[in-house]
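Worksheet for the structure shown next.
Values in this text are rule-based calculations from the coordinates and carry no lab data. Just so you know, these numbers come straight off a predicted model, no measurement behind them. Counting neighbours? That spans all protein chains shown, and the Cβs are built from the backbone with ideal geometry, glycine included.
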Amino acid sequence: MLTSRRREQLKLALALERHLPTTSPSAVWPPDFYWDRFQAAARRVNQVQRHQWKVALPLSLEELERVGESLVQQIRAVTELAKAPLNRMPKASLRDILMDLQALEDEFPEVRWDRRERTLSVLTEAVVLKGIDLGRFEILLEYGNLGRSRPYRVIAWDPNPAAGDETTTHPHLRDEDLCEGDGRAPLQKAIRQERFYDVFVLINQILNTYNKDSAYVPLSRWEGTTCESCRATISDDDTLTCEECHSEACTECCSSCSKCFRCLCDNCQDRCGSCGDTFCRNCLMACPGCSDDFCSSCIENGRCEDCPLEDDEETTDEEIEAEPVPAEPEVQSVCLGQAFVPEGSGTD
């Protein structure tokens, strides 16, 4: 007599059998997710180079190379699927599916499914890599999408994400998207051959394997503090706290105010428009002439040296009244017919 669990497995097996694709995957799905990640990594490199963040530059270039390789791999995978012949594929039998479901029950701590959502998932044991406990993961197969190149997602159940990146919960997992690495070929083959047990076991093996060359975030940078300015992961010993915004930053992104000597992160630093020294915003004043900020040493009489006080200010009414009025020259009266001869002309 079938147990209730066995009856549910049989119903699931029948549902899986109905959704098995009868042809090779023919739809081409562009790797938009990987292209967006590559664009974001390229923008990050440009930002780091523009600010000349020497500590963050090698890390940003490493990420650009890593996501670029993932993009190339996905393009190749899509191309291979597009080239697959549209011949009929042998379908897994109902007996094969039932055996796979039973094997999953023996292999993983928990197996669950939802026929309405068309999903089958397993819960793994806690994954520990190089002494770092990453917690358990749910491997969720969307069997309604078996015709696609990646019909599964990997979800962190006890997230221990990388420092400064909550979306990376495993060195090879970001945003529930698994970097399959060397396991891509056998995993894709198992998906196309509808070997459900092998699909889950292969994904679990990838989760329990570490390859620093294909990691989104290497385990060496998994724990620590993220600099709010350059986004580099730093040890607690190399972390400084900005006294303006109270964010944590690395020693390269921090400077002290030349006047009050407070520690400032890159976002809270400002420079004098004349001498170029670093100051906090409270230790600078704006010139009313040009509106630029200057330190007290570069301001004289409230203005910078390029905006001197105007000397031709309007004269007040009191100053006009106080000015002496020049005397008019004397006019000597003459009689009719008498010529006027100026005094001192030398005429006898």
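Couple of notes before you dig in:
- Estimated distance in nm for a label pair at residue 220 and residue 107, the labels positioned 7 Å out from Cα along Cα-to-Cβ: 3.4 nm
- Working from label points 7 Å from Cα in the Cα-to-Cβ sense, the residue 185 to residue 145 distance is 2.6 nm.
- Residue 286/residue 46 FRET efficiency (R0 35 Å; Cβ-Cβ; nearest 0.05): 0.65
- Between segment 145-182 and segment 246-297, the alpha-carbon center distance in angstrom: 42 Å
- Sites residue 212 and residue 303, calculated FRET efficiency, Cβ-Cβ separation with R0 45 Å, nearest 0.05: 0.20
- Rounded if a/c under 1.5, otherwise prolate or oblate - segment 27-83, Cα gyration tensor axes: prolate
- Prolate/oblate/rounded call for segment 129-205, Cα gyration tensor, a/c under 1.5 rounded: prolate
- Extents of segment 237-298, taken as max minus min of Cα coordinates on every principal axis and listed largest first, are 44, 17, 16 Å.
- Local electrostatic count at residue 213 - Lys and Arg +1, Asp and Glu -1, tallied over other residues with Cβ under 12 Å: -2
- Label separation (residue 99 vs residue 114): 3.1 nm, computed from points 7 Å beyond Cα along the C-beta direction.
- Our estimate of slack between residue 263 and residue 157, defined as 0.36 nm per intervening residue step minus the Cα-Cα distance, is 34.2 nm.
- Residue separation of residue 18 and residue 270 scaled by 0.36 nm, minus their Cα-Cα distance, works out to 84.1 nm of gained length.
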